[in-house]
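Novice: Below you will find the structure I want to go over with you.
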Amino acid sequence: MLFLALRHLLSRKRQSVLTLTGIVLGTAAYVAISGMMLGFQTFIVDQLVNNDAHIRISAREEPIEPHSLDEDFFGPEALVDWKAAPSGRRDNAYILSPRFWTERMDRMPEVAAYSQQLVTQVIVTRAKVAKAARLIGSDPARQAQVANIKNYMIKGQFTDIGIGGNRIVMGDGLLKQLGASVPGTVYLSVGKGQTQPFKVIGSFHLGVKALDDSTLFGALPDVQKLNGTPSRISDIAVRLHDVEGARELATSWNILSQEKVQSWDQANEGIMSVFTTQDIVRNSMTISILIVAGFGIYNILNMAVTHKRREIAILRSMGYESSDIVALFLTQGIILGVLGGIIGCLLGYGVCEIMARIPVADRGLGGNHMIIVFFPGIYVRGFIIAFSSASIASFLPARAAGRLSPIDIIRSENS
Amino acid sequence: MGILLTDIRKSFGSPPTQVLKGISLEIQEGEFVSIVGRSGCGKSTLLYIMSTLDPPSSGTVLIDGQDVNAISSRELHRFRNLKMGFVFQFHHLLPELNALENVLMPAMKANRQEERKAFAISLMEEFGLGKKLKSFPGQLSGGEQQRVAIARGLVMEPRYLFADEPTGNLDSANGNAVMSLFRRINQEQKMAVIYVTHDIDFSKMAERTIQMSDGLVLS
Ligand SMILES: Nc1ncnc2c1ncn2[C@@H]1O[C@H](COP(=O)(O)OP(=O)(O)OP(=O)(O)O)[C@@H](O)[C@H]1O
Ligand SMILES: [Mg+2]
């Protein structure tokens, strides 16, 4: 019936082209938008995964509950009714037994590298400018194995931080705000204790403004000294061989330990939920376009079936079976779906190619072009959506055509 | 072998009104038969039943010894495709196909269009359509369209040709042409032709006339 189906489609050129256009646009939109959104997501995920850690083990921050101090003050038996209940946070936000973790991770084959860190809030001052920032103290060699920071350096070498000597690298945004330069000197203080001079030996650009504007890296002993907490660490950043396993591993560690263990995606649940929202928007938009196109197919085929009643009857009288008639109309929908899917994928690919050349703000390693994903799965899915919406839309009219009783039609036409 | 109808009844609607009230008759192979009677007496209904397009409410239809009620739908369609041709008052050509393709539609179902092509062309030449093979139905006159439809009915060289008022829509010249075509095919190919007509002259061309009245066969 392919032959006749094609003839039918060609005899209604304008309708067919219009419907085809609908499917093509729907598919192309899906491909282009997916390429763009997934590109964006890949970029962000890349940033999250590579700039921080696959898994972060950090001290559990313990907020003080209204009754958590009762025992300390009044002994175990007392029933206390506070006028103004104590609140705040326990100060010792440190990992209590780092050896428990390091010994364990040394034995685990999943772990590629780990880096012990002391993370603390600091005030950075240069001349009269002061900024709050986050200072991460680590062993730079280990830190470089855990995160991709080396690739994002604009000036200086990350590992030149060494293992002591008050050397730091800072985000280029912070550098600019302070009016500092490389090399140069800034003063760091943690609020309590002494302000100390640090030498800026490098700067980096991660492409995430929040980080570039407020992050400093230094050597672990220097930071411990500045903070007045020798040999304490607050975090352990872990890199796995396979990032996919991060969530599962983090969850299992979390149960076993008194520290907080989070995989990169758990730590960034907010961003992940933005992605989910994006996916929903993307899918529902595409689906609505294709529903419209599907209705188009449904409509024109329905009309064609009504219009071609006599011809259906005559085909049946010649010995064509009900299934042949179903095939005749179903084929038309499928042709539109396949053609629309293929052209839509090609068009979507073209749009992606063009978008990939659009220059956008400089973003460190990502280069300065829009990141577009050309993952084949997008195209396969786009095609399947087009194909199935067209098939489903043509199935109902086709079935109706197959059920038409030829004799009733002939009778009504012939008398 | 031929067609054998036994006590055919057909009712329509609810409450059922009987349109055919017990008809038994036989049509021999190669016969040339007309069916006549007043409008509404059941001629078309009878023709559709004997041509397997419509099942009777009761009674049996044997074609070439086979009970059409007892065979599968697939077989029935094959049967129609290979053994029967139809011509209706309205030609029902497929407007997307040219004349030759229309004629070859039954052959396409049997996947024999190449094999039947030469025959289709010779039929059409014989019907004075030699120059119109590639014309589309919209470019043909009513008479030409009807001749294309007849060629389509004959392309599989069926054993039976059923025609319901084949000349009803044609002027007398075209009507005459169609009837003499029928006659010739009947004689040359020994194909049975069963046609319903309101035209007395055309009915007289038949070897046998089935006269109907109010759901019964008079003679
Ligand atoms: N599907 C149907 N439902 C109800 N009644 C029907 C149906 N088909 C036919 N009839 C009735 O059956 C009777 C016979 O119809 P039929 O078409 O066989 O007549 P006919 O002899 O061919 O008439 P005409 O010469 O006008 O074509 C008519 O009274 C008609 O109203
Ligand atoms: Mg009639």
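The values are calculated or read from the model by the stated rules, or taken from the named source; none is laboratory data. Only a predicted model underlies this, so the values are computations on that prediction, with no experimental measurement involved. So basically every Cβ, Gly included, is an ideal-geometry build from the backbone, and we count neighbours across all protein chains shown.
Novice: Check off (1) away from ligand 2 (no atom under 16 Å from the Cβ); (2) outside any strand (DSSP E or B); (3) surrounded by fewer than 16 Cβ atoms within 10 Å (Cβ to Cβ) for residue B:22 and give me the number that stays unchecked.
Specialist: Exception for residue B:22: condition (2).
Novice: Further, regarding this structure: Report yes if residue B:153 is away from ligand 1 (no atom under 16 Å from the Cβ), in a strand (DSSP E or B), within 21 Å of the chain's Cα centre (by Cα) and at the interface with another protein chain (Cβ under 9 Å from one of its Cβ atoms), otherwise no.
Specialist: No.
Novice: Taking residue B:75 as meeting all but one of (1) surrounded by fewer than 19 Cβ atoms within 10 Å (Cβ to Cβ); (2) in a loop (DSSP other than H, G, I, E, B); (3) not small (Gly, Ala, Ser), write down the number of the exception.
Specialist: (2)
Novice: On the given criteria, is residue B:62 within 15 Å of ligand 1 (Cβ to nearest atom) and out of contact with any Phe, Trp or Tyr (no Cβ under 8 Å at 6 or more places or on another chain)?
Specialist: no
Novice: Any idea which of (1) within 24 Å of residue A:409 (Cβ to Cβ); (2) in contact with a helix residue (DSSP H, G or I) (Cβ under 6 Å, 6 or more places away or on another chain); (3) within 12 Å of ligand 1 (Cβ to nearest atom) is the one residue B:36 doesn't satisfy?
Specialist: Going through the list (1) within 24 Å of residue A:409 (Cβ to Cβ); (2) in contact with a helix residue (DSSP H, G or I) (Cβ under 6 Å, 6 or more places away or on another chain); (3) within 12 Å of ligand 1 (Cβ to nearest atom), residue B:36 breaks only (1).
Novice: OK, next. Filter segment B:178-219 for residues that are away from ligand 1 (no atom under 16 Å from the Cβ), buried (at least 19 other Cβ atoms within 10 Å of the Cβ) and assigned to a helix (DSSP H, G or I) and give the result.
Specialist: B:178, B:179, B:181, B:182, B:185, B:186
Novice: Could you figure out which of (1) of a type outside the set (Asp, Glu); (2) over 22 Å from residue B:209 (Cα atoms); (3) more than 16 Å from ligand 2 (Cβ to nearest atom) isn't true of residue B:63?
Specialist: So residue B:63 meets the others, but not (2).
Novice: If you don't mind, another one. Could you list, in sequence order, all residues of segment A:1-50 that are within 14 Å of chain B (Cβ to nearest Cβ), touching a residue at least 40 places away in the same chain (Cβ under 8 Å) and in a helix (DSSP H, G or I)?
Specialist: Scanning segment A:1-50 gives A:2, A:4, A:5, A:6, A:8, A:9, A:15, A:16.
Novice: Give me a count of the residues in segment B:73-92 that are more than 7 Å from chain A (Cβ to nearest Cβ) and touching a Leu at 6+ places or on another chain (Cβ under 8 Å).
Specialist: Here the count works out to 3.
Novice: If you check A:286, A:276, A:306, which single one turns out to be in the same structural domain as residue A:331 (by TED's automatic domain parsing) and within 15 Å of the chain's Cα centre (by Cα)?
Specialist: Within the list A:286, A:276, A:306, the selection yields A:276.
Novice: If I ask for residues that are of a type in the set (Gly, Ala, Ser) and touching a Pro at 6+ places or on another chain (Cβ under 7 Å), which ones from segment A:289-340 would you list?
Specialist: A:313, A:317, A:319 - these are the residues of segment A:289-340 that are of a type in the set (Gly, Ala, Ser) and touching a Pro at 6+ places or on another chain (Cβ under 7 Å).
Novice: Would you pick out the residues in segment B:33-57 that are in a helix (DSSP H, G or I) and away from chain A (no Cβ under 12 Å)?
Specialist: Hits for segment B:33-57 are B:46, B:50.
For (1) aliphatic (A, V, I, L, M); (2) away from chain B (no Cβ under 14 Å); (3) closer than 30 Å to residue A:47 by Cα, each residue gets a yes or a no:
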| position | (1), (2), (3) |
| --- | --- |
| A:267 | yes, yes, yes |
| A:281 | yes, yes, yes |
| A:299 | no, yes, no |
| A:309 | no, no, no |
| A:315 | yes, no, no |
| A:319 | no, no, no |
| A:327 | yes, no, no |
| A:337 | no, yes, no |
| A:340 | no, yes, no |
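Novice: Something else now. Which one of these is away from ligand 2 (no atom under 16 Å from the Cβ) and over 20 Å from the mean Cα position of the chain (by Cα): B:16, B:56, B:106?
Specialist: Matching residue, one of B:16, B:56, B:106: B:16.
Novice: Mind checking whether some residue in segment A:161-171 is part of a helix (DSSP H, G or I) and without any contact (Cβ under 8 Å) to a residue 24 or more places away in the chain?
Specialist: Looking through segment A:161-171, none of the residues is part of a helix (DSSP H, G or I) and without any contact (Cβ under 8 Å) to a residue 24 or more places away in the chain.
Novice: State whether the residues of segment B:117-125 include one that is basic (Lys, Arg) and either farther than 20 Å from residue A:3 by Cβ or outside any helix (DSSP H, G or I) (or both).
Specialist: no
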